[in-house]
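Shown next, in structure tokens, is the structure this report addresses.
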Amino acid sequence: MAFITGSYSLYTVFDNLYTSILFGLIWGLLIFNLDRYIVSTIKKTKNFTDELIQASPRIILAIIIAIVISKPLELKIFEKEINQVLLEQKNELTLANKNQIAEQFTPTISALQNKITSLQNDINNKEIEVNTLYNIYITEAEGTSGTKKLGKGPVYKEKLKKHDALLAELQQLKAENKAKILATETQIAQLKGNYETQILNTQPIINNFDGLMARINALGKLPWIPSFFIFLLFLAIETSPILAKLLAPKGVYDFKLDDQETAVKTNVLQNKNLREAILKADYTINDRIYSDIENEEELYTYKRKKARELMQLQSDAFYEHQKNVL
């Protein structure tokens, strides 16, 4: 089970079958040996409380192992439900991403659109002025306003001249503003293109939002009772050897283990006592040896000779040093 869950967990991360199988095999062997060590190192005593205290760290470790093993299996069992949760989260992330990117471009685009509106309003206002002058000189010619004289008199010609001048200004304004509007529309189109490009570049990141941590978080949004019972199943599997070991009476294995540990302990104590006795005897022999040679005249003469030579060498070295300093 550890092999299967470990392989699946790594497969969801790296999406590589061979790497996942290799990791699952290593993980399975690790859990196998760890479980074996946990059970085999529990020593049976006559006091159940002491045994329970001795097994408590191992029970805690078994609970941790049960959680680690059960979680990938839960991810696989509830894969369809998790995919639905992830799909909803991806849609929310997509909308949020579009809104965030739009905040970078919307102010500039709005400003450019306002500029276009302003340029078009200038044209419209100038057209209104031209049309007003047109109506004025037409009604002057008809005699319905102004001097109210029928015909094209001096006043008519003056108003016509103003209309023509303003009409020329209108034509020039239209040409200039249309060029500005076209350039502004090009900038808006470019900004919208950049907006779409940035969305396309960031969308794959959102589409790949289905890693191990994302799936675990999505599992947490599902009802907890099914996952809890799966965890209890693995917890029972992990802790049952330890509980069976605690509840079982002392057996042949326990007696053999006690015999082996006692033999090792006795051998260690014997070796320790033997080394202490050897050391003590060695101290005694050394004391006698040095006491015997303490008063030997030949040894005294030899050491006196060597001490004299050493002092002579030191004096020569000191003399050479002082000479170099001077």
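Can you give the helix-only mean residue ellipticity at 222 nm for the chain, where every DSSP H stretch with n ≥ 4 adds -39500 (n - 2.57) and the sum goes over all residues, rounded to the nearest 500 deg cm²/dmol?
So the helix-based figure for the chain works out to -32000 deg cm²/dmol.
Mind running the shape call on segment 253-325? Use the C-alpha gyration tensor, a ≥ b ≥ c as the square roots of the eigenvalues: rounded below 1.5 for a/c, prolate if a/b tops b/c, oblate otherwise.
Oblate shape, in that a/c is at least 1.5 and b/c is the bigger or equal ratio.
Run the numbers on the chain and let me know its relative contact order in percent, using alpha-carbon pairs under 8 Å that are six or more apart.
Taking the mean separation of contacting Cα pairs over the length of the chain, I get 24 percent.
What residue among ALA281, ILE293, SER315 has its Cα farthest toward the positive end of the dipole of segment 253-325, where the charges are +1 on Lys, Arg and -1 on Asp, Glu, each on the Cβ?
Farthest towards the positive end: SER315.
Near LYS115, which lysines are there with a Cα under 22 Å away, not counting those fewer than 8 places off in the same chain?
LYS126, LYS174, LYS178, LYS180, LYS192
Please work out the Cα center distance from segment 278-314 to segment 70-143, rounded to the nearest Å.
Rounded to whole Å, the Cα centres lie 105 Å apart.
Kirkwood hydrodynamic radius, computed over distinct alpha-carbon pairs, for segment 162-280: how many Å, to one decimal?
For segment 162-280, inverting the mean 1/r across all distinct Cα pairs yields 25.1 Å.
Can you pull out the trypsin sites (Lys or Arg not before Pro) in segment 6-66 that DSSP calls coil and that have at most 13 other Cβ atoms within 10 Å?
Listed in order of number, the matching sites are LYS46.
Work out the FRET efficiency for LYS305 and ASP282 from their Cβ-Cβ distance, taking R0 = 30 Å, and round it to the nearest 0.05.
It comes out at approximately 0.45.
How large is Rg over Rh for the chain, taking Rg from the Cα atoms and Rh as the Kirkwood inverse mean of 1/r across Cα pairs?
Ratio of gyration radius to Kirkwood radius for the chain: 1.53.
Which helices, counted as full DSSP H runs in the chain, have an axial Cα extent of no less than 15 Å and a Kyte-Doolittle average of 0.0 or above?
2-14, 17-40, 48-77, 224-247
To the nearest 20 debye, what charge dipole does segment 253-325 have about its Cα centre, counting +1 at the Cβ of each Lys and Arg and -1 at the Cβ of each Asp and Glu?
Roughly 300 debye for segment 253-325.
Dipole of the chain, Cα-centred, from +1 at each Lys and Arg C-beta and -1 at each Asp and Glu C-beta, to the nearest 20 debye?
1000
When the chain is treated as a GNM, springs tying every alpha-carbon pair under 10 Å, which of ILE278, ILE109, ILE38 comes out with the largest mean-square fluctuation?
Among ILE278, ILE109, ILE38, the largest GNM mean-square fluctuation belongs to ILE278.
What nm value, rounded to one decimal, do you get for the distance between ASN135 and ILE225 when each label is placed 7 Å out toward the C-beta?
So the two model labels end up 7.9 nm from each other.
Toward the positive end of the charge dipole of the chain, about the Cα centre and with charges on Cβ (Lys, Arg +1; Asp, Glu -1), which of GLY220, ASN91, THR45 goes farthest?
Sorting the options by dipole projection puts first ASN91.
What is the calculated FRET efficiency for TYR37 to ILE216, with r their C-beta to C-beta distance and R₀ = 25 Å, to the nearest 0.05?
0.30
By how many nm would the segment from ASN97 to ALA175 lengthen if fully extended, with 0.36 nm per residue of separation less the alpha-carbon distance?
Length difference between fully extended and current span is 24.0 nm.
Of ASN201, ILE188, LEU269, which is farthest along the charge dipole of the chain in the positive direction, counting Lys and Arg as +1 and Asp and Glu as -1 at C-beta?
ILE188
A short reminder: the numbers here are calculations on the coordinates, not readings from a lab. Nothing here was measured: the structure is a model prediction, and the numbers come from that model. Don't worry about glycine lacking a Cβ; one is built from the backbone with ideal geometry, like all the others, and counts go over all protein chains shown.
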